[in-house]
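The structure appears below as structure tokens.
The values are calculated or read from the model by the stated rules, or taken from the named source; none is laboratory data. This one's a predicted model, so the numbers in the text were calculated from it and none came from an experiment. We place every Cβ from the backbone using ideal geometry, glycine too, and count neighbours over all the protein chains shown.
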Amino acid sequence: MGETRVGTAEGDMDLPIQLGQWLHSFQGHEVKVAANGQCAFLAMLASNINHKGPEMKTTTTVAKDATTTKWYVYTLMMANLRKDVELDLVNPIEECAKLYPGQPRHTLVNGTTAALYVHYDTARQRSVGMNVPASFWAGPHELRALAQYLREPIIVFDVSENTDAHMQRYCYKHYRLADGTDHEVALERPSPTETRLNISGIAGRYMLSPPSWC
């Protein structure tokens, strides 16, 4: 793997970037966490504490700290949900369909929003040491809220089996509501220089939180 450089030559912007090249740019390294479906919160803890080793075990302290962060993130999602729905940033019907694919599809926005509140409330009380189904894995809404909670951008890499990495940035801004008030919203900003990976081709996900690179 060579040194990273700015992609200024014609055609550079379409070339895939390897995970190792991204991490080298940040003077970072990989940290393995438990693959139990709640690795997003464990990975963020590893980044925030600047974990030095190649693996972070889910000890009692680690589980407690990551679960505390998770509780605040889902609490923030609950506080934002009504206005996020109003701004069409969250489609509660689609979200519930993804979370509970085996259940009948909701049809009413208000009722589905209430169901999503219940899901968030249950999720925030679940320890990160527990296994969860794939439909409960943290997605863009959790990552948006995580950036808003931390009050700093976070960077997420979706990585394919051949270690091609797609970078996404999560930050936040203010939206103006119909009643004239402002609503702070966290945003996902995919890198414009890369092609997004098909979700079926993602083999791993890595997270970084400036300035504590892991």
Could you say whether any residue in segment 105-112 is of a type in the set (S, T, N, Q), farther than 27 Å from Asp65 by Cα and surrounded by 12 or more Cβ atoms within 10 Å (Cβ to Cβ)?
-> yes
Would you mind stating whether Thr112 is of a type in the set (S, T, N, Q) and more than 20 Å from Ala186 (Cα to Cα)?
-> yes
Single match in Lys32, Lys70, Lys52, Lys83 (criterion: out of contact with any Gly (no Cβ under 8 Å at 6 or more places or on another chain) and modelled with pLDDT of 95 or more) | Lys70
Count of segment 51-76 residues which are over 30 Å from Arg176 (Cα atoms) and either out of contact with any strand residue (DSSP E or B) (no Cβ under 8 Å at 6 or more places or on another chain) or crowded, with 16+ Cβ neighbours inside 10 Å (or both) = 16
So which residues in segment 162-213 are basic (Lys, Arg), at pLDDT below 75 and outside any loop (DSSP other than H, G, I, E, B), if there are any at all?
-> Arg189, Arg205
Among Lys83, Lys57, Lys64, Lys70, the single one that is in contact with a Lys or Arg (Cβ under 7 Å, 6 or more places away or on another chain) and either of a type outside the set (A, V, I, L, M, F, W, C) or within 19 Å of Leu116 (Cβ to Cβ) (or both) is Lys70
Given the residues Ala79, Ala97, Ala34, which is the only one that is within 24 Å of Thr163 (Cβ to Cβ) and either of a type in the set (D, E, K, R) or surrounded by fewer than 20 Cβ atoms within 10 Å (Cβ to Cβ) (or both)?
-> Ala34
Flagged in segment 126-138 as in a loop (DSSP other than H, G, I, E, B) and closer than 22 Å to Met56 by Cβ, in numbering order, are Arg126, Ser127, Val128, Gly129, Met130, Asn131, Val132, Trp137, Ala138
